[in-house]
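The structure appears right after this line, and notes come after that.
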Amino acid sequence: MSLVWEKLSLGDAALHCLGVGDPEEKIKATCDVAQLWKAGCLRAGSTNGDLPDTPGRPLRPPLVAPRELPRRKLTSAVGRAALIHAITHIEFNAINLAWDAVCRFNHLPKAFYDDWVQVALEEAYHFCLLQEHLHSLGYAYGDFPAHDGLWEMAQKTTHDPLVRMALVPRVLEARGLDVTPGMMERLRQAGDLRATFILEIILRDEVGHVAVGSHWFRYLCRLRKLDSERTFRHLINGYFKGETRGPLYREARLQAGFSEAELTILEEN
């Protein structure tokens, strides 16, 4: 482990992780920084560097609009690989989102940074599990096109951690709570039990990640003397009008810190 890390603030170290493009190097940097932060070897503090408009990422996969992604059936090997690849891409983006939160939003309690460092570490673990499974299917990350919806919303929420917490973990990432059980069942029926096991791990951890977003969204609402449910409705209407309907995994969302009123907001939007 390089001693250079220990001369950096957490914000500088997070910015480095965010900027690394090679997936293997990003995973290693993420694990190193998380270990050093937990051991108290990194000093607290923000970064003096410029935050990028786009994170470090490999040249592949090619990024296309969601409607341009080919539809493939899970009854085929390539269809199953394409689905695993799509989830792998989400997890890679989630590593970047966690590090962006750490280095972008300053002057928050230490627990905020503890939480998002841990999220980055767990997302890196998910990426490794999925990438290993992709390799066992004869494919690699980058072999299929992907879209950039998660990062596009990150760009729209750079101005305010309250808005970021409300809309990225609690809307876009929380959608994974709703759709993962169905994907698990389809993969189980297709005979891919390894993928089903990996998604069980991801679903368990993602409940916690969404709960982190819920906690800090409510913290920031209290700090600004805002009603959290009214604020959530306002943000949903402003950014996702007519786009959040769909079956919700209510039990998982309640565990992740949603109120019944917030679930109604999502269902009625």
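Descriptive notes on the structure:
- Qualifying residue in segment 168-188 (condition: touching a Pro at 6+ places or on another chain (Cβ under 7 Å), free of Cβ contacts under 8 Å to residues at least 60 places away in the same chain and under 17 Å from ASN96 (Cα atoms)): no
- Flag for ALA195 being aliphatic (A, V, I, L, M), open to solvent by 20 Å² or more (accessible area, probe 1.4 Å) and touching a residue at least 24 places away in the same chain (Cβ under 8 Å): no
- Scanning segment 147-192 for residues that are open to solvent by 10 Å² or more (accessible area, probe 1.4 Å) and over 24 Å from LEU263 (Cβ atoms) returns HIS147, ASP148, GLU152, GLN155, THR158, HIS159, ARG186, ARG188, GLN189, ALA190, GLY191, ASP192.
- For segment 14-26, the candidate set comprises residues that are out of contact with any Pro (no Cβ under 7 Å at 6 or more places or on another chain) and either modelled with pLDDT under 95 or open to solvent by 20 Å² or more (accessible area, probe 1.4 Å) (or both); within that set, the residue that is nearest to ASN48 (Cα to Cα) is LEU15.
- Some residue of segment 81-88 being farther than 30 Å from ARG186 by Cβ, open to solvent by less than 10 Å² (accessible area, probe 1.4 Å) and among the hydrophobic types (A, V, I, L, M, F, W, C): no
The values are calculated or read from the model by the stated rules, or taken from the named source; none is laboratory data. Worth saying up front: this structure is predicted, and the values here are computed from it rather than measured. Heads up, the Cβs are rebuilt from the backbone with ideal geometry, glycines too, and the neighbour counts pull from every protein chain shown. Heavy atoms of the whole protein, side chains included, go into the accessibility calculation; ligands, DNA and RNA do not. Shrake-Rupley method; radii C 1.70, N 1.55, O 1.52, S 1.80 Å.
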